[in-house]
Amino acid sequence: MKNILIYLRLGLRNLLLYPMRTGLTVIGLGIGIAALTFLSAMNDGWLQNMKLNFVLTQMGHVQIHAQGFEQSRRISDYMGDTTLVDEALQSMQSMQGGIQAWSHRIRVSGLASAAGANASVLVSGIEPEREKDVSRLHTFMQQGTWLQPGDKRGVVLGDVLADRLSVGLGDKVVLMAASPDGDIASEVFRVRGLIHSGVMDVDNLLALIPLKMAQHWLHLGAGVTDVVIRTNSFAVVDSVVSNLQQRLSGKPLEILRWQEIDPMAEQWTMFAEIYTWVVLLVVIIVVLAEVLNTMLMSMHDRVREFGLMAALGTTQQQLFAMVVYETLVLVFIGGILGFLLGGAVSLYYGEYGLDLSQYATAFSFMYMSSVVYPELTFNGCARILVAAMLGAVLAGLYPAWKASRLNPAQAMREI
Amino acid sequence: MSDHVLLEAGGLCKYYHSGGSDVAALDQVDFQLEKGAFTVLSGRSGSGKTTLLNMVGLLDTPDMGSLHIAGENVLALSLSERANFRLQRIGFVFQAYNLIRVLSARENIAYVLQLRGMKKTERLAIADHWLFEVGLDGLGNRRPDQLSGGQQQRVAVARALASKPALVLADEPTANLDSVHGESLMSLMRDLNDRCGMTFLIASHDPVAMAAAQQCVYMQDGRIVSVATP
């Protein structure tokens with residue numbers, strides 16, 4: 001806009017005319033924006049951490065099931081033969097198609113019994129060695145050993161589940177589940193290890209057994225319920241899914257992204273987005289509250305000056321713009337201070353982590369780690385900057401409108 | 001309106017509402033100002049001098065009457081057109097609070113030129129010229145609070161003249177100055193009127209101003225009661 005420099009200069013100098021008032025406003029703005037920058041970074045860090053934990057704890061980035069399995073969760077909806085799926089994955093992996101690893105699983109709900117205690121379980125038949133490349137389950141070993149190839153009757157339990165059943169290493173556990181034909185099958189296993197992940201679903205419910213044993217026990221032949229895929233990153237998930245859909249087109253399979261596997265993950269992602277909007281709304285309110293009062297006081301002090309400027313030929317639009325520019329200058333300075341402060345705190349905790357382990361139980365159901373690493377992202381900062389500037393414009397509108405509506409003759413009579 | 005007439009007002013009225021009744025600040029004022037005139041509006045406080053000056057300067061709007069400046073019906077202009085008219089055609093010197101306090105003397109003078117879109121080097125050169133003209137050479141970088149009242153008024157005069165307006169309006173320009181500085185300021189304005197040919201309309205009841213005038217217009221109770229040539 002024409003004459004923008006003179007108004008920016010006037011704005012800056014008017015702000016410097018009252019260093020105490022301007023300084024307090026800038027400090028208030030700076031602290032507010034710093035806190036919100038940190039909160040935004042925490043949110044981004046949390047979300048990233050949650051996504052990663054969700055995917056790597058056991059779900060994978062992508063899962064392939066027989067059509068309808070995710071909805072029914074019935075063992076009868078299993079894939080009898082995964083050859084085509086394996087070939088497609090093998091081909092994509094060799095062509096650098098975003099596949100890092102995959103493994104097969106059988107997933108079935110059942111009942112565990114041991115020495116008079118019973119508990120619901122989620123039995124997961126896994127390929128012990130391949131599973132290590134797909135999930136972090138093996139890293140959660142607290143006692144004992146991971147499932148060994150050839151150990152047909154070994155079971156690894158979640159530690160809370162083991163407590164409920166009052167079993168420890170070497171104890172017997174009977175697992176019962178329905179086979180595809182509807183018969184209840186039971187099998188005896190011996191506890192080889194206990195895991196603790198911090199995730200409620202894993203620690204309270206999971207019983208890991210060898211895939212071969214699960215197939216034999218539940219009469220599935222070579223069948224599995226899940227092919228769990230780990231991709232190279234979140235960014236390639238969509239292209240991997242799209243590629244797999246093309247390659248497996250026409251087969252009675254469902255190919256699901258990580259967000260589709262557990263509605264909870266989708267809800268938490270949505271929650272994080274809503275939280276971001278709340279942070280941005282608070283940014284606007286903080287800026288409004290801080291700046292509006294200062295600008296109104298400044299307006300009051302300068303009524304005659306505005307009258308003089310109008311008399312000299314400054315138009316209403318120019319006076320309006322001048323006050324808005326002044327507000328923007330004020331918020332920009334406060335914003336820079338806030339970003340420096342909030343950015344420094346975020347970077348520090350991004351490096352060393354913020355230990356919230358005393359609240360670990362609260363986080364356990366949503367795949368959150370007890371140590372949070374805030375992520376200072378360009379997008380996060382840009383959003384706050386835009387919100388702060390929007391707040392500045394909103395805060396400037398009323399004083400600017402008042403300034404532009406002044407009658408020059410009346411304004412110059414003001415004392 | 002003949003070519004030598006710059007300003008022509010007919011039947012100007014302005015009423016203010018006070019104590020349940022309308023008070024006429026201007027009451028059927030007919031007035032002409034010739035190009036190059038140096039006219040002083042005189043009269044007691046409350047006689048309507050400043051109100052007339054505000055109408056002529058397009059700072060306020062009359063309730064009735066007509067007003068033409070340089071052949072243009074200025075009462076028909078919109079608010080933004082009036083602002084532009086003031087910018088292009090009228091220079092102002094007020095009684096006090098004349099300058100923008102965060103700008104230096106030079107920047108104050110250049111402000112109007114900048115609003116007109118003049119380039120920086122050109123406008124600063126003009127500002128320096130007018131600082132020299134009003135005897136403030138070397139004080140261009142001072143802010144208003146670093147100048148005396150007389151110096152501030154000189155800067156205001158320089159600002160009013162720097163854009164070479166058709167009409168310069170001054171409202172009690174000597175009111176806040178001592179007699180020496182008041183006399184000096186009037187002498188300066190008269191000198192610039194002689195040399196530059198700009199038209200001056202000054203509202204003042206200061207005898208020094210009246211003594212400098214080519215024409216004195218006396219006002220009383222919102223009316224022009226006499227016109228004299230000292």
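Residue count for the stretch A:135-179 satisfying the condition of being over 31 Å from the mean Cα position of the chain (by Cα) and aliphatic (A, V, I, L, M): 11.
Any residue at all in the stretch B:111-122 that's away from chain A (no Cβ under 13 Å) and free of Cβ contacts under 8 Å to residues at least 60 places away in the same chain? Working first, answer last.
Within the stretch B:111-122, the first condition is being away from chain A (no Cβ under 13 Å), and the residues that meet it are B:121-122.
Narrowing the set further to residues that are free of Cβ contacts under 8 Å to residues at least 60 places away in the same chain leaves B:121-122.
Checking the stretch B:111-122: at least one residue is away from chain A (no Cβ under 13 Å) and free of Cβ contacts under 8 Å to residues at least 60 places away in the same chain.
Residue check: B:Trp130 meets all listed conditions (1) open to solvent by 40 Å² or more (accessible area, probe 1.4 Å); (2) in contact (Cβ under 8 Å) with a residue 12 or more places away in the chain; (3) within 25 Å of B:Gly197 (Cα to Cα); (4) under 20 Å from the mean Cα position of the chain (by Cα) but one, namely (1).
Taking the stretch B:211-230 as the region of interest, how many residues are hydrophobic (A, V, I, L, M, F, W, C) and buried (at least 19 other Cβ atoms within 10 Å of the Cβ)? Don't jump to the end; show me each part of the working.
From the stretch B:211-230, those hydrophobic (A, V, I, L, M, F, W, C) are B:211-213, B:216-217, B:219, B:224-225, B:227-228; that's our starting set.
Then keep just the ones that are buried (at least 19 other Cβ atoms within 10 Å of the Cβ); that gives B:212-213, B:216-217, B:219, B:224.
Result for the stretch B:211-230: 6.
Taking into account only those residues within the stretch A:1-53 that are within 21 Å of B:Arg101 (Cβ to Cβ) and polar (S, T, N, Q), which is farthest from the other protein chains (Cβ to nearest Cβ)? If we take residues in the stretch A:1-53 being within 21 Å of B:Arg101 (Cβ to Cβ) and polar (S, T, N, Q), then A:Thr25 is farthest from the other protein chains (Cβ to nearest Cβ).
Considering only residues in the stretch A:287-322 that are away from chain B (no Cβ under 14 Å) and buried (at least 23 other Cβ atoms within 10 Å of the Cβ), the one that is nearest to A:Ala382 (Cα to Cα) turns out to be A:Val287.
The residues of the stretch B:47-88 that are acidic (Asp, Glu), more than 9 Å from chain A (Cβ to nearest Cβ) and either open to solvent by less than 20 Å² (accessible area, probe 1.4 Å) or out of contact with any Phe, Trp or Tyr (no Cβ under 8 Å at 6 or more places or on another chain) (or both) amount to a single one, B:Glu81. Would you be able to say whether some residue in the stretch B:43-64 is assigned to a strand (DSSP E or B) and under 24 Å from B:Asp191 (Cα atoms)? No: the stretch B:43-64 contains no residue that is assigned to a strand (DSSP E or B) and under 24 Å from B:Asp191 (Cα atoms). None of A:Ala207, A:Ala235 is crowded, with 22+ Cβ neighbours inside 10 Å and of a type in the set (Gly, Ala, Ser) except A:Ala207. Of everything in the stretch B:89-98 that is at the interface with chain A (Cβ under 8 Å from one of its Cβ atoms) and over 14 Å from B:Thr199 (Cα atoms), the residue that is surrounded by the fewest Cβ atoms within 10 Å (Cβ to Cβ) is B:Tyr97. For the structure I just gave you, tell me whether A:Val188 is β-branched (Val, Ile, Thr) and either more than 17 Å from A:Leu147 (Cα to Cα) or buried (at least 16 other Cβ atoms within 10 Å of the Cβ) (or both). So A:Val188 does not fit the description; no. From A:Leu36, A:Leu84, A:Leu89, which residue is surrounded by fewer than 17 Cβ atoms within 10 Å (Cβ to Cβ), modelled with pLDDT under 95 and in contact with a helix residue (DSSP H, G or I) (Cβ under 9 Å, 6 or more places away or on another chain)? Only one candidate qualifies: A:Leu84.
Within the stretch A:323-348, being touching a residue at least 60 places away in the same chain (Cβ under 8 Å), more than 17 Å from A:Val26 (Cβ to Cβ) and open to solvent by 30 Å² or more (accessible area, probe 1.4 Å) holds for one residue alone: A:Val345. Selection of the stretch A:298-319 for residues being assigned to a loop (DSSP other than H, G, I, E, B) and either in contact with a Phe, Trp or Tyr (Cβ under 9 Å, 6 or more places away or on another chain) or in contact (Cβ under 8 Å) with a residue 60 or more places away in the chain (or both) yields A:Arg302, A:Leu312, A:Gly313, A:Thr314.
Are there strands (runs of 3 or more DSSP E) fully within the stretch A:45-151 with at least 2 residues that are in contact with an Asp or Glu (Cβ under 7 Å, 6 or more places away or on another chain)? List them. Reasoning before the result, please.
Details: elements: A:62-66, A:99-114, A:117-126, A:141-144.
It comes to A:62-66, A:99-114.
The values are calculated or read from the model by the stated rules, or taken from the named source; none is laboratory data. These numbers were taken from a predicted model, which means no experiment stands behind them. Neighbour counts run over all protein chains shown; Cβ positions are idealised from the backbone, glycine included. Ligands, DNA and RNA are excluded from the accessible area calculation, which covers all protein heavy atoms including side chains. Shrake-Rupley method; radii C 1.70, N 1.55, O 1.52, S 1.80 Å.
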